[in-house]
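For reference, the structure discussed in these notes is given below.
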Amino acid sequence: MGTFAILTSLFFIPVLQQITPETLGFAGASVFWIAILLVIYAVEILVAAIQAYVFTLLSAVYIQLAEADEH
């Protein structure tokens, strides 16, 4: 994640400082890195939400079974 963030800043900051026809290729590269970075962050947030749901559900089932009366 850090690598993508560094690459995005390395490509994006110089392009914003001096926009010329020669630097438009770097603008495309920086937009590409930003898009990849956003997709990866979105996937990580989705995975974190799924993990939180699963562990909460497992904990609830465990607590319910631990407190249940034996037959």
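The values are calculated or read from the model by the stated rules, or taken from the named source; none is laboratory data. Computed from a predicted model, the values in this text were never measured in an experiment. Side chains included, ligands, DNA and RNA excluded: accessible areas come from the protein's heavy atoms. Shrake-Rupley method; radii C 1.70, N 1.55, O 1.52, S 1.80 Å.
Within the stretch 15-56, track down each residue that is open to solvent by less than 60 Å² (accessible area, probe 1.4 Å), modelled with pLDDT under 70 and not hydroxyl-bearing (S, T, Y).
Within the stretch 15-56, V15, G25, A27, G28, A29 meet the criteria.
Does T3 qualify as being among the hydroxyl-bearing types (S, T, Y), open to solvent by less than 100 Å² (accessible area, probe 1.4 Å) and modelled with pLDDT of 70 or more?
It is true that T3 is among the hydroxyl-bearing types (S, T, Y), open to solvent by less than 100 Å² (accessible area, probe 1.4 Å) and modelled with pLDDT of 70 or more.
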